[in-house]
Amino acid sequence: MSTPSNHIANNIVHFARILRRAGLTVGPRQILSSIEAIKHAGLENSDDLYWALHSTLINKHEATEIFDQAFHLFWRDPRMLERMISLMLPEIATPPTDPHEKSSRRLAEALLKQSPDAARPEEIEFDIDASATMSDAEVLRTKDFEQMSAAELREAQVALRKLKLAHDMVTTRRTRPASHGRQIDMRATMKASLRAGDIIPLKRRDRRQQQPPLVVLCDISGSMGIYARVFLHFLHSLSNDRSRMHTFLFGTRLTNVTRYLRNRDIDEALSSVASAVEDWDGGTRIGETLRRFNIDWARRVLGQGATVLLITDGLDRDAGEGLEAEISKLHRSSRRLIWLNPLLRYDQFEPKALGIRKMLPHVDEFRAVHNISSLADLVATLNGTPTTSLKVA
Amino acid sequence: MTQNLPSSIDETADLLSRGAYVADRSLATIVFLALSMQRPLFLEGEAGVGKTEIAKVLATSLGRKLIRLQCYEGLDTAAAVYEWNYQAQMIEIRLAEAGGTQDRDQLAKDVFDDRFLIRRPLLQALEPDVNGPPVLLIDELDRTDEPFEAFLLEVLSEYQITIPEIGTIKAPEPPIVIITSNRTREIHDALKRRCLYHWVDYPDAARELEIVRLKAPDAAADLAQQVVNFVQALRSRDLYKQPGIAETLDWATALTQLNTVSLDEQAITDTLGTLLKYQDDIARVQGSEAAAILAELKSATSK
């Protein structure tokens, strides 16, 4: 190829910029390695170029779809390339044009969802309209949260500090020095022996304790909707408090919102959650969403003995169909399954309790709270003794 | 016998196929880049798609030593990097004292000597080998915890390990590092960024057939084709765990052992346990679903 390598480097930098605009994290270090990779792989074959860039710029399987689209736009479509070249001129800050907007929307979707065809980039059509994939039966709304006041935030932090989930510490296989530990630390003892006189002090270690990963599945359907703010508030504080936590929201579909809740600013976090979730205040399909969780996520997030916190009132639109098998599978793949039931419609509870009856035998802990007006109530409920009296016959 | 590193993507593909590994172009490209850029290769994918096998094949066909570090929860430096042989050190101290040695500093030097160092996989991988830098396989990294990942960062970016009592040990030439993950949790970006990333996918029908013919040569040609078609169809179903290549091979071997020449419903029901490992999946596929897939395949081939 006659193109000077300088030109290629320029192109890669711009390609990386597009990826970054699409929401991927591509740092200078990765750009440098991709330039190096291309030097090795050569430019004769566009497939080689594709995989050389892919191996260096992408480090998540989910990003493949975005990369694929961007690659074909950038390196194949000559008109696009022309536009890119014009972008190389000093004023780069042109506002994102329509196809970009669309593609980054798709890209954001791709990051969130595990569509079954995610692994086959060649089948992806560029202009998939996201709204066409939703069934008519679903009520799709976006949520508008009022802003958190500083006082509320402080209150939340105080309340959360009191949160003590039962069995929330597991012994790991890693050890730490401990004066009365159960294992002898040979290395430290040896060191001490060289320093000490005739008597060698015996140094000890003990196993370290750690919080297990926490996975929260929170119902945000219509019947739960009024408390959505308190729940999200709770989940946000918890996300920033614990290191290994994954959060999923579900109504008729399952959305992984872990990434958004990591945002330290609660208002920003909540507004991005609100726009990511498309089934606020709709119906609930517990069996179906648990099934999606079991298939798409369970192996990825429950791997290290996670505690699962399931927040739902158990009112299922599908009348508990397929629910029992899925909840029992979830129970078997988690270390501990806690069900928090806000019992929002206590009066109408009995006649509709089919879902509840199916779920109860498969949870380790059942907790019910009547009126959640604050995060403190939630924390108090989770700290208290589990409700066992509600075993529906 | 030591082989030179391949100098092009085509040569890499040849090298892998000589080692009986059927790789597609993308994988050959990534392996070639990892070798020529001397960067660790991070392979992620479902269980049983042949991630570990790549490291083994590379080691054999390049004539390098394979050093394997199987990861598990709680893996620490004592098991992964090095450990002192305390018993031998104790004896050394006793002997020195019996011999009347008074110089403690000298004793410390003697005791923390190379002779008493037990080398674990990571340290072994940094040491020069007559056959050239070894292949270091860090298998199932997702089973360890974050502290170990953080430790790996230093090792993989500098190819050196610091032992306080001895000093820093640096590899004269970086080993060929292959890290695999089954994605039971996300590996931190910082580590991935230092590696070349590749998602190892299930193979397409043609490549899977090639693999079955190569690795299960006793299976009848018709049967191999049917097995591959069936597994490919199965992967498009909503299963908790889709069968990997390892399972396809197991299944083909099992069917061959039972002298099956052609797939039928009974044969599938009898051997499904080699292919699917979740009771829910087996219950679902057994019977009508298997028959449906079979009918589907029949109508597709008769067309």
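The values are calculated or read from the model by the stated rules, or taken from the named source; none is laboratory data. Just so we're clear, the structure is a prediction, and the values are computed from it rather than from any experiment. Backbone-built Cβ (ideal geometry, glycine too); neighbour counts: all protein chains shown. Remember, those area values only see protein heavy atoms, side chains included, never the ligands or the DNA or RNA. Shrake-Rupley method; radii C 1.70, N 1.55, O 1.52, S 1.80 Å.
Can you tell me how many residues within the range B:113-127 are surrounded by fewer than 17 Cβ atoms within 10 Å (Cβ to Cβ) and either part of a helix (DSSP H, G or I) or acidic (Asp, Glu) (or both)?
Of the residues in that region, 4 qualify.
What are the residues in the range B:225-271 that are within 26 Å of the chain's Cα centre (by Cα) and of a type in the set (Gly, Ala, Ser), if any?
Passing the criteria: B:236, B:244, B:246, B:252, B:254.
Out of all the residues in the range A:255-278, which are over 19 Å from residue A:375 (Cα atoms), within 14 Å of another protein chain (Cβ to nearest Cβ) and not in a helix (DSSP H, G or I)?
Of everything in the range A:255-278, just one residue is over 19 Å from residue A:375 (Cα atoms), within 14 Å of another protein chain (Cβ to nearest Cβ) and not in a helix (DSSP H, G or I), namely A:256.
Can you give me the number of residues within the range B:89-105 that are closer than 30 Å to residue B:125 by Cα and more than 10 Å from chain A (Cβ to nearest Cβ)?
2
Could you count how many residues in the range A:174-205 are surrounded by 13 or more Cβ atoms within 10 Å (Cβ to Cβ), part of a strand (DSSP E or B), within 13 Å of another protein chain (Cβ to nearest Cβ) and of a type in the set (D, E, K, R)?
Qualifying residue count for the region: 2.
Scanning the range B:156-170 for residues that are crowded, with 19+ Cβ neighbours inside 10 Å and either within 12 Å of another protein chain (Cβ to nearest Cβ) or in contact (Cβ under 8 Å) with a residue 40 or more places away in the chain (or both), which turns out farthest from residue A:301 (Cα to Cα)?
Ranking the candidates gives B:161 first.
Among (1) hydroxyl-bearing (Ser, Thr, Tyr); (2) at pLDDT 90 or above; (3) within 22 Å of residue A:295 (Cα to Cα); (4) over 25 Å from the mean Cα position of the chain (by Cα), there is one condition residue B:274 misses while meeting the rest; what is its number?
If we test residue B:274 against (1) hydroxyl-bearing (Ser, Thr, Tyr); (2) at pLDDT 90 or above; (3) within 22 Å of residue A:295 (Cα to Cα); (4) over 25 Å from the mean Cα position of the chain (by Cα), just (4) comes out false.
Any idea how many residues of the range A:307-325 are buried (at least 22 other Cβ atoms within 10 Å of the Cβ) and modelled with pLDDT under 90?
Of the residues in the range A:307-325, 7 are buried (at least 22 other Cβ atoms within 10 Å of the Cβ) and modelled with pLDDT under 90.
Does at least one position in the range A:303-323 carry a residue that is part of a helix (DSSP H, G or I), assigned by TED's automatic domain parsing to the domain that holds residue A:216, of a type in the set (S, T, N, Q) and in contact (Cβ under 8 Å) with a residue 60 or more places away in the chain?
No.
Would you pick out the residues in the range B:195-233 that are facing chain A (nearest Cβ under 10 Å) and open to solvent by 60 Å² or more (accessible area, probe 1.4 Å)?
Hit for the range B:195-233 is B:204, nothing else.
Can you name the number of the only condition in (1) of a type outside the set (Gly, Ala, Ser); (2) open to solvent by 40 Å² or more (accessible area, probe 1.4 Å); (3) under 18 Å from the mean Cα position of the chain (by Cα) that residue B:42 fails?
Residue B:42 satisfies all of (1) of a type outside the set (Gly, Ala, Ser); (2) open to solvent by 40 Å² or more (accessible area, probe 1.4 Å); (3) under 18 Å from the mean Cα position of the chain (by Cα) except (2).
Can you pull out the residues in the range A:42-59 that are modelled with pLDDT under 85 and either within 15 Å of residue B:34 (Cα to Cα) or of a type in the set (Lys, Arg) (or both)?
A:42
Go through (1) within 11 Å of chain A (Cβ to nearest Cβ); (2) under 30 Å from residue B:36 (Cβ atoms) for residue B:86 and report which single condition fails.
In the conditions (1) within 11 Å of chain A (Cβ to nearest Cβ); (2) under 30 Å from residue B:36 (Cβ atoms), residue B:86 misses (2) alone.
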